[in-house]
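Trainee: Below is the structure I would like to discuss, written out as structure tokens.
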Amino acid sequence: MSVSFDAAHPLPPVPPDFLGFSFELSSLPLVGSYASHGDLVALLRSLGVGVLRFGGASADTRAAWTDRRTPQPAWASAVVRDDDYRAIARLASESGWRVLLTLGLGHFEPEAAARAAAAARAALGGWLQAIELGNEPNAYALHGLRTEPWTFVQYNAQVAAYRSAIDAAAPGIPLAGPDTSGSSAFETWGLDEAINQRPALLTGHHYALRCDQQPPPTIASLLSPETRRLEEVSLLRYVTIAQQSETPFRLDETNNVSCGGVPGVSNTFASALWAAGYLSRAMALGVTGVNLHGIFASCEGYAPFCARTSEDLQIGALSVQPEWYALRLIKPLVGNSPLRTETVVPKHHDALAYAARAPNGALHVLIVDDDAPGARSLLVRVPVGRAFGAARVLWLTAPSPTALTGMRLGGRAIAPDGTWSAPAALPRVANERGLISVRIRPGSAALLTVATKAGG
């Protein structure tokens, strides 16, 4: 496999808060409680800064804001209160992660939303990145939250009513949206949102596979070239609208299989290979951030971290899952300038590469080999030129893509609470007359760091 890149024309740097997590709004009180106990603060700090998004289907169907003036509605089985916002503010302050908050639009209650927005702003201050109005509102009619006709026209009128009420109660809160269920709807809803509402941030969702698809999701389908092709089509739709409207786009809810994931696929090492490849391609295309959605009360789905028992859930004793390994692998790419990268992959192999330039001038090259077990190892050749030295290699490995345990980053496991330190000396690959050659085994990934000779 040959990898080439355009080092002369780097793209804008990946924002420092590119990495993010998405949670159900109904889980906000529990997540907020972790500000004072448990592992979440340390986990978040280990990734740098990022964005915590609260939304999901529960924002429109199960969770509602309540205070003395706003009684709990009959449809809500979970509530969010002032104290919960203050707890989330403590979590943001302790971790350095900002908050993207969804206010429900499924039940049309603009005055209640305005009071919720004012309370959130009062508690969070500058930690509140923006608010979203509704979760996947383009699909409301499909889920019985609106009657037909339900198009952007009707949605836009209701958003305008919400914004008027919110601006009266708490002026100046940035808007994010339209938070569509996929990029197909975003082609109209996203552009119309940018024109009519002028949000600070465009948002939308994507899942690699559907839980109800036939045939059912498998590891092979998750890591297939066809899934990767469809992902790139979706990302390009989002980015194209963002560029046309000169508004940044954040993929604020995504993961490998919808509906919470599929055991034996979503919680395997294959999910780490998928995440490393998908997030790096989002970086390359100019997406400003990605939030991996997680139902952390279960370790069988797609959560990057989870609680293994109900007792662990209450005390915040969290354990990292395979996708966490992918996040730690690609963390050094945050802040880098992506380089347009081309690969030539031999027939019967399935691999990808992504190159970026670090602020100190070093090159980063991520290689992900999605080949199935039993395939031949792949020799990857990267021409870097004679101005660079040897490459240091950070390996991401596991016994197989189906593995639930046994993941290693740099030959070391990440502790359940996220604790990990890189080996003092990573393996080195020589620069032979301007060429780095490294052999990668099927079902693994590697991050090459190639410093300039002046940088050691």
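Trainee: Just need a number here: residues in segment 206-229 that are over 16 Å from LEU273 (Cβ atoms) and of a type in the set (A, V, I, L, M, F, W, C).
Mentor: Matching residues across segment 206-229 total 1.
Trainee: Moving on. Report, ordered by the first and then the second residue, all pairs with beta carbons closer than 9 Å, sequence separation of six or more or different chains, a first member in segment 345-370 that is at positive phi, and a second member that is of a type outside the set (Lys, Arg) and outside any strand (DSSP E or B).
Mentor: HIS348/ASP371; HIS348/ALA375; GLY361/ALA454; GLY361/GLY455
Trainee: State all residues of segment 13-58 that are more than 19 Å from the chain's Cα centre (by Cα) and in a loop (DSSP other than H, G, I, E, B); if no residue qualifies, say none.
Mentor: If the condition is that a residue be more than 19 Å from the chain's Cα centre (by Cα) and in a loop (DSSP other than H, G, I, E, B), then TYR34, ALA35, SER36, HIS37, GLY38, ASP39 are the ones that fit.
Trainee: Against the condition more than 17 Å from the chain's Cα centre (by Cα), surrounded by fewer than 18 Cβ atoms within 10 Å (Cβ to Cβ), not assigned by TED's automatic domain parsing to the domain that holds GLU232 and not aliphatic (A, V, I, L, M), how does HIS364 come out, does it pass?
Mentor: No: the conditions fail for HIS364.
Trainee: Could you tell me whether segment 280-293 includes any residue that is of a type in the set (Ser, Thr, Tyr), closer than 13 Å to PHE18 by Cβ and buried (at least 24 other Cβ atoms within 10 Å of the Cβ)?
Mentor: Checked segment 280-293: at least one residue is of a type in the set (Ser, Thr, Tyr), closer than 13 Å to PHE18 by Cβ and buried (at least 24 other Cβ atoms within 10 Å of the Cβ).
Trainee: Shifting gears a bit: Which is modelled with pLDDT of 95 or more and in contact with a Gly (Cβ under 7 Å, 6 or more places away or on another chain), of LEU435, LEU352?
Mentor: LEU352
Trainee: Next question. What are the pairs with Cβ atoms under 7 angstrom where one residue, in segment 159-172, is outside any helix (DSSP H, G or I) and the other, located anywhere, is surrounded by 19 or more Cβ atoms within 10 Å (Cβ to Cβ)? Sequence gap at least six, or different chains.
Mentor: ALA170/ALA117; ALA170/ARG121
Trainee: I would also like to ask the following. Testing VAL153 on (1) over 22 Å from GLU24 (Cα atoms); (2) part of a loop (DSSP other than H, G, I, E, B), one condition comes back false. Which one is that?
Mentor: In the conditions (1) over 22 Å from GLU24 (Cα atoms); (2) part of a loop (DSSP other than H, G, I, E, B), VAL153 misses (2) alone.
Trainee: Residue pairs, Cβ under 8 Å, 6 or more apart or interchain, first in segment 371-391 and of a type in the set (Asp, Glu), second in a loop (DSSP other than H, G, I, E, B). List them.
Mentor: Pairs found: ASP371/HIS349; ASP371/ASP350; ASP371/PRO442; ASP371/GLY443.
Trainee: Can I ask one more? Just checking, does segment 158-174 include any residue being within 26 Å of ALA35 (Cβ to Cβ), aliphatic (A, V, I, L, M), at pLDDT 95 or above and in contact with a strand residue (DSSP E or B) (Cβ under 6 Å, 6 or more places away or on another chain)?
Mentor: Yes, there is a match, as at least one residue in segment 158-174 is within 26 Å of ALA35 (Cβ to Cβ), aliphatic (A, V, I, L, M), at pLDDT 95 or above and in contact with a strand residue (DSSP E or B) (Cβ under 6 Å, 6 or more places away or on another chain).
Trainee: Also, I was wondering about something else. Hey, does segment 108-131 have a residue that's closer than 18 Å to LEU52 by Cα, within 27 Å of the chain's Cα centre (by Cα) and in a loop (DSSP other than H, G, I, E, B)?
Mentor: Within segment 108-131, not a single residue is closer than 18 Å to LEU52 by Cα, within 27 Å of the chain's Cα centre (by Cα) and in a loop (DSSP other than H, G, I, E, B).
Trainee: Of the residues that sit in segment 1-47 and are small (Gly, Ala, Ser) and not assigned by TED's automatic domain parsing to the domain that holds ALA120, which one is surrounded by the fewest Cβ atoms within 10 Å (Cβ to Cβ)?
Mentor: Filtering first and then ranking leaves ALA8.
The values are calculated or read from the model by the stated rules, or taken from the named source; none is laboratory data. Note that this is a predicted model, so its numbers are computed, not measured. Cβ coordinates were reconstructed from backbone atoms using ideal geometry, including for glycine residues, and neighbour counts include every protein chain displayed.
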